[in-house]
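Okay, so here's the structure we're looking at.
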Amino acid sequence: LAEAEFRCSGFCSCYLLRCRSLSKAASGLRRAPPAICKGTRQEGSEWFDPGAICRGREPARAAFFAFEDKTLALRGAGKRASRRFLDLNGTWKFAWSPRAGEVPKGFPEPSFDDAAWGEMPVPGNWELNGHGYPIYTNVIYNFHSDPPWIRYRGKDPDYNPTGAYRRSFDVPQEWLDQGLEVYLHIGAVCCGCRAWLNGTELGFSTDSKLPTEFRLTGKMTPGRNVLAMEVLCWTAGAYLEDQDMWWLAGITRDVYAYARPTQHIRDVQVRAFADGMLEVDAELATAGSALFAGAALHCELYP
């Protein structure tokens with residue numbers, strides 16, 4: 001990763017804003033994921049490998065949305081008002097199985113025929129939409145304690161529901177014309193997921209209550225695109241996520257695609273001090289470190 005220092009300045013009526021930006025750039029906007037973000041491509045092995053936290057997933061970042069201009073951002077209408085936002089919530093085609101790995105063969109391919117499938121709302125829980133049943137646990141796991149393996153305590157020890165999702169969408173032509181970077185945002189999936197776009201695997205992820213993002217740039221086509229996901233109810237990570245709660249599986253938070261310019265703020269951290277000073281660390285992404293020469297990051301505060 002190339003590093004560069006940026007000078008920042010800003011002012012508002014109440015605070016003197018001191019900005020410090022440490023910028024990290026990587027060729028082609030690709031960054032090496034954290035060492036724990038790894039896995040193998042052997043079918044099913046990632047689900048129950050404690051070392052396979054993710055593969056292909058974008059590094060975690062602060063929760064924010066970057067609008068195309070300041071006027072729109074200040075309007076307060078929310079990200080859905082932006083031309084760089086594409087809502088993927090709604091009704092998806094869906095197939096459910098009571099056991100891990102039992103998904104229809106070839107379902108991520110755009111040519112796959114899902115006419116006989118049912119439907120599932122996104123966001124939505126399987127158990128509240130006719131598939132499986134809610135399970136409540138307090139002081140014990142609802143599977144036998146044999147990490148990292150999952151063996152259900154009920155009549156069928158292999159019970160570990162799996163859902164296959166499909167939906168199509170059109171990529172905004174201006175995203176392609178402007179050469180924007182495009183990402184898929186999955187707000188939460190319980191408990192793990194794999195994702196494909198037009199038959200090309202995007203990656204694998206666990207962490208059922210954290211957002212997952214995959215880079216779509218280079219995998220999209222003009223017009224219709226097919227997004228597919230495989231979701232497993234319990235992975236090895238379920239051993240760390242058990243508590244006094246109801247177990248409900250599915251894609252449980254918003255799903256959307258968003259676009260960014262090739263050079264953009266990827267992550268930001270703001271720290272406030274007792275003397276009224278603010279310190280801002282911003283991580284910038286770019287197609288090449290040469291673009292950072294002579295650049296500056298300007299920060300402003302708004303009420």
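Determine whether the stretch 152-172 contains at least one residue that is of a type in the set (A, V, I, L, M) and either within 23 Å of the chain's Cα centre (by Cα) or more than 20 Å from Ser208 (Cβ to Cβ) (or both).
Restricting attention to the stretch 152-172, the residues satisfying the condition of being of a type in the set (A, V, I, L, M) are 164, 171.
Now drop any that are not either within 23 Å of the chain's Cα centre (by Cα) or more than 20 Å from Ser208 (Cβ to Cβ) (or both), which leaves 164, 171.
Within the stretch 152-172 (the criterion being of a type in the set (A, V, I, L, M) and either within 23 Å of the chain's Cα centre (by Cα) or more than 20 Å from Ser208 (Cβ to Cβ) (or both)), the answer is yes, since at least one residue qualifies.
Of the residues making up the stretch 73-82, those that are open to solvent by less than 50 Å² (accessible area, probe 1.4 Å) and modelled with pLDDT under 95 are Ala73, Gly78.
Filter the stretch 173-195 down to residues that are charged (D, E, K, R) and open to solvent by 30 Å² or more (accessible area, probe 1.4 Å) and give me whichever is nearest to the chain's Cα centre (by Cα).
The residue in question is Glu174.
One residue alone among Phe85, Phe107, Phe48 is surrounded by 14 or more Cβ atoms within 10 Å (Cβ to Cβ), within 17 Å of Leu232 (Cα to Cα) and modelled with pLDDT of 95 or more, and that residue is Phe107.
Quick one: is Asp275 more than 28 Å from Arg84 (Cα to Cα) and of a type outside the set (Gly, Ala, Ser)? Yes, satisfied. Quick check on the stretch 208-230. Is at least one of its residues touching a helix residue (DSSP H, G or I) at 6+ places or on another chain (Cβ under 6 Å), in contact (Cβ under 8 Å) with a residue 60 or more places away in the chain and part of a loop (DSSP other than H, G, I, E, B)? Checked the stretch 208-230: no residue is touching a helix residue (DSSP H, G or I) at 6+ places or on another chain (Cβ under 6 Å), in contact (Cβ under 8 Å) with a residue 60 or more places away in the chain and part of a loop (DSSP other than H, G, I, E, B). Can you tell me which residues in the stretch 225-281 are aliphatic (A, V, I, L, M) and either out of contact with any strand residue (DSSP E or B) (no Cβ under 6 Å at 6 or more places or on another chain) or open to solvent by 40 Å² or more (accessible area, probe 1.4 Å) (or both)? Hits for the stretch 225-281 are Ala236, Ala238, Leu240, Met245, Leu248, Ile265, Val268, Val270, Ala272, Ala274.
Out of everything in the stretch 110-136 that is part of a strand (DSSP E or B) and either at pLDDT 95 or above or open to solvent by less than 30 Å² (accessible area, probe 1.4 Å) (or both), what residue ends up being farthest from Phe67 (Cα to Cα)?
Step by step, filter the stretch 110-136, then rank; the result is Ile135.
Of all residues in the stretch 180-193, those satisfying the criterion of being touching a residue at least 60 places away in the same chain (Cβ under 8 Å) and under 28 Å from Ile150 (Cβ atoms) are Leu184, His185, Ile186, Gly187, Ala188, Val189, Cys190, Gly192.
Of all the residues in the stretch 88-104, those that are of a type in the set (S, T, N, Q) and surrounded by 15 or more Cβ atoms within 10 Å (Cβ to Cβ) number 2.
Here Lys209 clears all of (1) surrounded by fewer than 22 Cβ atoms within 10 Å (Cβ to Cβ); (2) modelled with pLDDT of 95 or more except the condition numbered (2). Only residues that are surrounded by fewer than 18 Cβ atoms within 10 Å (Cβ to Cβ) and not acidic (Asp, Glu) were counted in the stretch 154-168, giving 4.
Cβ separations smaller than 7 Å between residues 6+ apart or across chains give the following pairs from the stretch 266-279 residues that are in contact (Cβ under 8 Å) with a residue 24 or more places away in the chain to residues that are in a strand (DSSP E or B) and open to solvent by 70 Å² or more (accessible area, probe 1.4 Å): Gly276/Leu16; Met277/Leu16; Met277/Arg18; Leu278/Arg18; Leu278/Val270; Leu278/Ala272; Glu279/Arg18; Glu279/Arg20. All of Ser23, Ser9 fail the test of being surrounded by 15 or more Cβ atoms within 10 Å (Cβ to Cβ), out of contact with any Ser or Thr (no Cβ under 6 Å at 6 or more places or on another chain), modelled with pLDDT under 50 and of a type outside the set (Phe, Trp, Tyr), apart from Ser23.
The values are calculated or read from the model by the stated rules, or taken from the named source; none is laboratory data. Just so you know, these numbers come straight off a predicted model, no measurement behind them. No Cβ is skipped: glycine too gets one built from the backbone with ideal geometry, and neighbour counts run over all protein chains shown. Side chains are part of the model used for accessible areas, which takes the heavy atoms of the whole protein and leaves out ligands, DNA and RNA. Shrake-Rupley method; radii C 1.70, N 1.55, O 1.52, S 1.80 Å.
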